[in-house]
Amino acid sequence: MTKILTIIVNYRTPELAEKCLAALASERSGDAGLSAILVDGNSGDGSAERLAGFLARTGFDGWTDLLPLDFNGGFGWANNQAILSRGTDLPDYIYLLNPDAEVTPGAVASLAAVLDTHPRVAAVGSQLIESDGAPAASAFRFPSPGREFVRGSQTFALHRLLGIPPIVLAPDEAGPVGWVTGASVMLRRDALAATGLFDDGFFLYFEEVELMRRLTRGGWQIWCEPQSRVRHIGGASTGVDGKQVRKPKPAYWFASRNRYFTRSGGAAYACLANLAWLSGFALIGGPRMLLSRTARANATAGETRGIIQEGIWPAARHRRASIARIGSAFGQLPRWAEDS
């Protein structure tokens, strides 16, 4: 029986984490192979105490460990800490699940079946669904300067005109993709052992994209399994959601974006991506906003300023990798905090 360790990282959403864990419990069906670590990222709002009580009341503490951290290090670092807390005593599969996600029947087993059947698949992600059952973006191509130009232009018909496939994929059957959302993704332990865990130079955003790019370059595959369906409330703990296009993105989003392009292609590649977005906006996106009320309403607020403030040429800190390895020391602060 394949063993699966689920990691759920909570930050000030304990009520969602409880629902998430309750849904996961229904997937166990007496299966001793499915266990969990419920991480609290130093919420500071009583979350850890509430979740400890919840685990005790439900009896979930028989298969779920609570790991309260004393620092809010972000998504990748918190997941790393959960993995590192087990040393080298890790199961074959590690399942990352957001607290604002609820698995539907068979979702976990469907992911495990892909890894069981395809030994070179390092990560397989679920199909996220909205509360009304509509599919949400779950599988993607990797970001590129060309896609940044189209994104800056805010004219997505340019994908077809320029021959640049869009970033979002919508596969109707299991198969390889560029990367999948970290909201519900099962990872192969051996792939992480070979390639490393999350780069903790990221606070939030782009960390799973960088990890999957690294896995792909290491000869592994990334798959999406649409039969694994997971209800998801995007941005519950961060307030950043793809639907909230008018809300300015936080500074750490721009830092993570710059770090991703730098780590995946070098400083010149990151600079090219920044110039591509700015060119697309200056040539097409900006003029469209001047002429169209609809374009203004749909525009991302403050992105030009955010990209420029973060730096057209990426900072030196983004060029330094900080990748934990299975068996590394637990509790070390993330690179981004040391660089701040």
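The values are calculated or read from the model by the stated rules, or taken from the named source; none is laboratory data. No experiment lies behind these values; they were computed from the predicted model shown. Cβ sites come from the backbone with ideal geometry, for glycine too, and all protein chains shown count toward neighbours. The accessibility values were calculated without ligands, DNA or RNA, using every heavy atom of the protein model including side chains. Shrake-Rupley method; radii C 1.70, N 1.55, O 1.52, S 1.80 Å.
Per q in 0.10, 0.16 Å⁻¹, report the Debye log10 I(q)/I(0) for region 19-132, using one uniform scatterer on each alpha carbon and no solvent.
Here log10 of I(q) over I(0) equals -0.32, -0.86.
Starting from 0.36 nm per residue, how many nanometres of slack lie between GLN309 and SER340 once their C-alpha separation is accounted for? If you can, show how the numbers build up before the last one.
Working: separation 31, 0.36 × 31 = 11.16 nm, distance 1.53 nm.
Separation in residues times 0.36 nm, less the Cα-Cα distance, equals 9.6 nm.
Accessible area per residue of the chain at 1.4 Å probe, in Å²?
Details: 14640 Å² over 340 residues.
Result: 43 Å² per residue.
How high is the relative contact order of region 98-243, in percent, counting Cα pairs under 8 Å that sit 6 or more residues apart? Display every interim value, and only then the final one.
Working: 250 pairs, mean separation 60.0, N = 146.
Once divided by the residue count of region 98-243, the mean separation gives 41 percent.
Taking 2.2 N^0.38 Å as the expected size of a compact globular protein, what ratio does the Cα radius of gyration of region 35-75 give against it, to two decimals? Display every interim value, and only then the final one.
Values: Rg = 10.3 Å, N = 41, 2.2 N^0.38 = 9.0 Å.
Normalised Cα radius of gyration, region 35-75: 1.14.
Can you tell me, using C-alpha contacts under 8 Å and at least 6 residues apart, the relative contact order of the chain as a whole percent?
Numbers: 667 pairs, mean separation 72.9, N = 340.
Once normalised by length, the contact order is 21 percent.
Can you give the three extents of the C-alpha atoms in region 258-332 along their principal axes, from longest to shortest, in whole Å?
For region 258-332, the Cα spread along each principal axis is 56, 25, 18 Å.
I'd like the distance separating the alpha-carbon centroids of region 170-190 and region 13-42, in whole Å.
Result: 20 Å between the Cα centres.
Efficiency by 1/(1 + (r/R0)^6): what FRET value for ASP89 and LEU161, r their Cβ-Cβ distance, R0 = 35 Å, to the nearest 0.05?
Result of the calculation: an efficiency of 0.10.
Please report the net charge: other residues with Cβ closer than 13 Å to the Cβ of VAL121, K and R +1, D and E -1.
Numbers: positive: ARG120, ARG188, ARG189; negative: ASP92, ASP116, ASP190, GLU225.
Residues near VAL121 contribute -1 overall.
How much length would be gained if the chain were fully extended between ALA301 and ALA56, taking 0.36 nm per residue of separation minus their Cα-Cα distance, in nm to one decimal?
Numbers: separation 245, 0.36 × 245 = 88.20 nm, distance 4.44 nm.
That works out to 83.8 nm of additional length.
Applying the Karplus parametrisation 6.51 cos²θ - 1.76 cosθ + 1.60 with θ = phi - 60° to the phi angles of region 4-21, what ³J(HN,Hα) value in whole Hz is obtained for each residue in order, glycine and proline being reported as x?
Result, rounded to whole Hz: 10, 9, 9, 10, 10, 9, 9, 9, 6, 9, x, 5, 6, 4, 5, 5, 4, 5.
Measuring from label point to label point, each 7 Å out along Cα→Cβ, what is the GLN227 to ALA267 span in nm?
Using points 7 Å along Cα→Cβ, the separation is 4.9 nm.
Hey, with R₀ at 30 Å, roughly what FRET efficiency would GLU49 and ALA251 work out to, going by the Cβ-Cβ distance, to 0.05? Don't skip to the end; give the middle numbers.
Values: r = 31 Å, r/R0 = 1.03.
With a Förster radius of 30 Å, E is 0.45.
Over what distance in Å are the Cα centres of region 116-156 and region 275-330 separated?
Spelled out, the Cα-based centre of one part sits 18 Å from the other.
Which one of ALA321, THR13, ALA82 is farthest out on the positive end of the charge dipole of the chain, using unit charges on Cβ (Lys, Arg +1; Asp, Glu -1) and the Cα centre as origin?
ALA321
Just to confirm the filter: which trypsin sites (Lys or Arg not before Pro) across region 282-321 are DSSP coil and have at most 15 other Cβ within 10 angstrom of their Cβ?
Answer in residue order: ARG320.
Expressed as a rounded percentage, what relative contact order does region 1-124 have, with Cα pairs under 8 Å and six or more residues apart? Don't jump to the answer; show the numbers that get you there.
Working: 177 pairs, mean separation 47.6, N = 124.
Reported as a whole number, the value is 38 percent.
With +1 on the Cβ of every Lys and Arg and -1 on the Cβ of every Asp and Glu, and nothing else charged, how large is the dipole of region 211-340 about its Cα centre, in debye rounded to the nearest 20? Walk me through the numbers before you get to the answer.
Working: 21 positive and 6 negative charges, 31 e Å.
The calculation lands at about 140 debye.
Per 0.36 nm of contour for each residue apart, how much would the distance between ALA134 and SER292 grow if the chain were fully extended, relative to their Cα-Cα spacing? Walk me through the numbers before you get to the answer.
On the way: separation 158, 0.36 × 158 = 56.88 nm, distance 2.90 nm.
Going from the current span to full extension adds 54.0 nm.
Where in region 118-191 are there trypsin sites (Lys or Arg not before Pro) that are in a DSSP coil and have at most 13 other Cβ atoms within 10 angstrom of their Cβ? Walk me through the intermediate numbers first.
Details: sites: ARG120, ARG141, ARG147, ARG151, ARG160, ARG188, ARG189; in loops: ARG120, ARG141.
Answer by residue number: ARG120.
Enter the mean projected area of the convex hull around the alpha-carbon atoms of region 1-80, in nm², rounded to one decimal.
On the way: hull surface 20.3 nm².
Answer in nm², one decimal: 5.1.
Just need log10 I(q)/I(0) for region 199-340 at q = 0.11, 0.12, 0.22 Å⁻¹, Debye formula, equal scatterers on the alpha-carbon atoms, no solvent, rounded to two decimals.
Once normalised to I(0) and log-transformed, intensities are -0.53, -0.62, -1.39.
Quantify, in whole percent, the carbon and sulfur part of the accessible surface of the chain (1.4 Å probe; protein heavy atoms only).
Numbers: 7950 of 14640 Å².
Carbon with sulfur: 54 percent of the solvent-accessible area.
Determine the sum of side-chain charges near VAL180: Lys and Arg each +1, Asp and Glu each -1, restricted to other residues whose C-beta is under 11 angstrom from that of VAL180.
On the way: positive: none; negative: GLU208, GLU225.
Net local charge, VAL180 excluded: -2.
Using Cα atoms only, what is the angle between the long axis of helix 107-117 and the major principal axis of the chain, expressed in degrees (0 to 90) to the nearest 10?
90 degrees
Compute log10 of I(q)/I(0) for region 101-250 with the Debye formula, placing one identical point scatterer on every Cα and leaving out solvent, at q = 0.10, 0.11, 0.20 Å⁻¹, to two decimals.
Each listed q maps to, in turn, -0.37, -0.45, -1.39.
What FRET efficiency comes out for the pair GLU15/ALA170, r = Cβ-Cβ distance, R0 = 35 Å, nearest 0.05? Don't skip to the end; give the middle numbers.
Working: r = 31 Å, r/R0 = 0.88.
The formula returns an efficiency of 0.70 here.
Counting only Cα atoms, I'd like the Rg/Rh figure for the chain, Kirkwood definition for Rh. Kindly include the intermediate steps, with their values, before the conclusion.
Details: Rg = 19.8 Å, Rh = 20.6 Å.
Taking Rg over the Kirkwood Rh, I get 0.96.
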